[in-house]
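These notes are about the structure you will find just below.
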Amino acid sequence: MIYHDSTDFEIRKIQKWLREIMRDTILRIAKVVLPARVKYWEDMKGLHGTGVTVKRLRKNVLGYCTFNNHIALQPFLVIFKQEWTDGVILHEMAHYKYKHHRKSFWNFLSTLIGEDSKMVKAKDDIAMSPYYNYYLYLTKNK
């Protein structure tokens with residue numbers, strides 16, 4: 001990004017413009033990266049769904065899987081560490097087999113990720129929390 005030395009980034013209009021540019025760039029990148037990452041994991045795990053959509057989802061929703069095994073992912077996953085993004089993808093892929101969050105789901109997810117899924121989720125929730133403010137900043141409309 002090129003800007004003049006006198007650009008005042010404290011001006012709200014400039015902040016809004018910059019947020020929109022970052023949001024659009026993240027969406028463009030995510031529409032390429034996230035479906036490719038889902039395909040990678042589907043091939044690695046031998047599980048296949050019906051497709052992937054990358055779109056802005058409700059606040060605090062990183063992804064979901066429909067009953068016909070179509071995954072929707074939040075574009076902002078690409079700003080997180082790849083292991084966190086992969087965790088969300090594998091979580092949604094576990095819904096290919098189990099459409100709930102009961103014990104059988106968590107056991108299956110544990111086999112997909114290779115460690116205790118509930119412990120990984122708790123650890124990742126804590127580790128991701130500092131990045132939450134970035135997510136909020138990029139998704140606010142004003």
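A few comments on the model shown:
- Taking the listed residues Glu83, Glu115, the one that is farther than 25 Å from Arg23 by Cβ and of a type outside the set (Val, Ile, Thr) is Glu115, with no other qualifying.
- Looking across the range 24-49, the residues that are among the small types (Gly, Ala, Ser) and within 15 Å of the chain's Cα centre (by Cα) come down to Ala30, Ala36.
- Among the candidates Lys31, Lys45, residue that is in contact (Cβ under 8 Å) with a residue 40 or more places away in the chain and buried (at least 16 other Cβ atoms within 10 Å of the Cβ): Lys31
- Residue in the range 98-108 that is in a helix (DSSP H, G or I), at pLDDT below 95 and closer than 29 Å to Leu136 by Cβ present: yes
- Spans of strands (runs of 3 or more DSSP E) in the range 1-88 with at least 3 residues not aromatic (Phe, Trp, Tyr): 51-54, 70-73
The values are calculated or read from the model by the stated rules, or taken from the named source; none is laboratory data. As the structure is a prediction and not an experimental result, all values here were calculated from the model. Every residue, glycine as well, gets a Cβ built from its backbone with ideal geometry; the counts of neighbours run over all protein chains shown.
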